[in-house]
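Participant: Dumping the structure here so I can ask a few things about it.
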Amino acid sequence: MSTKISKDALKSPDQVTKTLREGFVWTTTHSKIVITVVAAFIVVGTGISIAGYLSDKKETATQEKYFAVEKVYNEKRRGFEEAARAEVMAGQAKDKKTAPAFDPAKKASGDLQKDYGTVIPGFEALINEAPSTTAARMAALNLSNIYMEYKKTDEALATLQKVEKALNKSEATSALVYMQMGNAFADKNDCKSAVDTWQKITAAKNFQFAHDEAKLRMGLCYESLNDAAKAEQLYTEVAKKENAEQPTDVAAVREASKYLRLLKAKKSL
């Protein structure tokens, strides 16, 4: 998303509010991308690896099951994404005779059971069997992503709550679960619960890699709650890192800078 504010966006307070709402929807519905990026950062940046858990027999056995289910899930998801790209390319081709081949049968149907019915039970079994394991947390993240993609927010939240009791401040995947729980609450228009959940991230030093993203989302929720002062405070805390040599989360910093400018523009109107 661009960090520039167009002249049209400044024409009226209503237009600024609309722009903020569009940003809020983008932030809360693209959690899958954010989680993937954050997870990659954890592995590369702090040296966390699966090997660190192999000393625990239960964890090892559960992770083996997890990877088997994840493989099927990734293959299905990749197939749907490739089909969606092929459809776009075929539609954009000027010469329909030479357009890329597109098979409608390979597209996601939009029906949860048809698309992921074989994957869901696998993730659910892992979560129910060993909810305190890292594998269960990853299964919950993936399953909640599926549910949220199909607009089943209640199911996503219920899935995440199954592993919530075992979350701790020393396990990085716990921060990802809290982030996703906040997303689910926000999608249900329960911004108070969303903020309370994301505050569990910002209150933990070990979750520092996710602090900026959590603060950005909290700011957007405070916008929804009409608490402009609190939103401005959070945006400012994140945006001030824009000139840092190595900001923790470049994307969150840029977004915070944009929303801060939009908020100030709204106040001036």
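Participant: Go through 81-92, 232-243 and give me the packing order, highest mean Cβ count within 10 Å leading.
Facilitator: Details: 81-92: 13.2, 232-243: 18.6.
In decreasing order of mean packing, 81-92, 232-243 become 232-243, 81-92.
Participant: Can you list the aspartates and glutamates whose alpha carbon sits under 13 Å from that of Lys192, skipping same-chain ones fewer than 8 residues off?
Facilitator: Glu223, Asp227
Participant: Can I ask one more? In whole percent, how big is the carbon plus sulfur part of the accessible area of the range 55-164, probe 1.4 Å, protein atoms only? Could the numbers behind the result be given before it?
Facilitator: Numbers: 3220 of 6170 Å².
Roughly 52 percent of what the probe reaches on the range 55-164 is carbon or sulfur.
Participant: A further question on this structure: Rank by packing, highest mean first: peptides 192-201, 120-129, 260-269, 136-145, with packing defined as the count of other Cβ atoms within 10 Å averaged across residues.
Facilitator: On the way: 192-201: 20.4, 120-129: 18.1, 260-269: 16.3, 136-145: 25.8.
The densest-packed peptide leads the list: 136-145, 192-201, 120-129, 260-269.
Participant: Determine the alpha carbon to alpha carbon distance for each of Lys205/Lys240; Lys71/Lys205; Lys57/Lys215; Lys165/Lys205; Lys205/Lys266 and list only those over 27 Å.
Facilitator: Going by Cα-Cα distance, Lys71/Lys205; Lys57/Lys215; Lys205/Lys266 fall outside the 27 Å limit.
Participant: Read phi for every residue in the range 68-82 and hand back ³J(HN,Hα) as whole Hz from Karplus 6.51 cos²θ - 1.76 cosθ + 1.60, θ = phi - 60°, with x for Gly and Pro.
Facilitator: 5, 6, 4, 4, 5, 4, 5, 5, 5, 4, 4, x, 5, 5, 5
Participant: Going by a ≥ b ≥ c, the root eigenvalues of the Cα gyration tensor, does the range 208-269 fall in the rounded group (a/c under 1.5), the prolate group (a/b larger than b/c) or the oblate group?
Facilitator: Cα axes put the range 208-269 in the oblate bin.
Participant: Considering only protein heavy atoms and a probe of 1.4 Å, how much of the accessible area of the range 191-269 is carbon and sulfur, as a whole percent?
Facilitator: Working: 1720 of 3860 Å².
Of all accessible area on the range 191-269, carbon and sulfur atoms account for 44 percent.
Participant: If you plug each phi of the range 135-151 into the Karplus form 6.51 cos²θ - 1.76 cosθ + 1.60 with θ = phi - 60°, what whole-Hz ³J(HN,Hα) values come out, in order, with x for Gly and Pro?
Facilitator: 4, 5, 5, 5, 5, 5, 5, 5, 5, 5, 4, 4, 4, 5, 4, 9, 6
Participant: How far apart, in nm, are two points set 7 Å out from the Cα along the Cα-to-Cβ line at Lys152 and at Lys192?
Facilitator: 2.9
Participant: Might you tell me the accessible area per residue for the range 111-269, computed with a 1.4 Å probe and given in Å²? Numbers along the way, then the final one.
Facilitator: Working: 6940 Å² over 159 residues.
Per-residue accessible area for the range 111-269 comes out at 44 Å².
Participant: If you don't mind, another one. Which whole-number percent gives the relative contact order of the range 139-269, counting Cα pairs below 8 Å spaced six or more residues apart? Intermediate results must be reported in sequence, preceding the final value.
Facilitator: Working: 152 pairs, mean separation 20.5, N = 131.
Taking the mean separation of contacting Cα pairs over the length of the range 139-269, I get 16 percent.
The values are calculated or read from the model by the stated rules, or taken from the named source; none is laboratory data. Computed from a prediction, not measured in an experiment: that's the story for all the values here. Cβ coordinates were reconstructed from backbone atoms using ideal geometry, including for glycine residues, and neighbour counts include every protein chain displayed. In case anyone asks, the SASA skips ligands and DNA or RNA and just uses the protein heavy atoms, side chains included. Shrake-Rupley method; radii C 1.70, N 1.55, O 1.52, S 1.80 Å.
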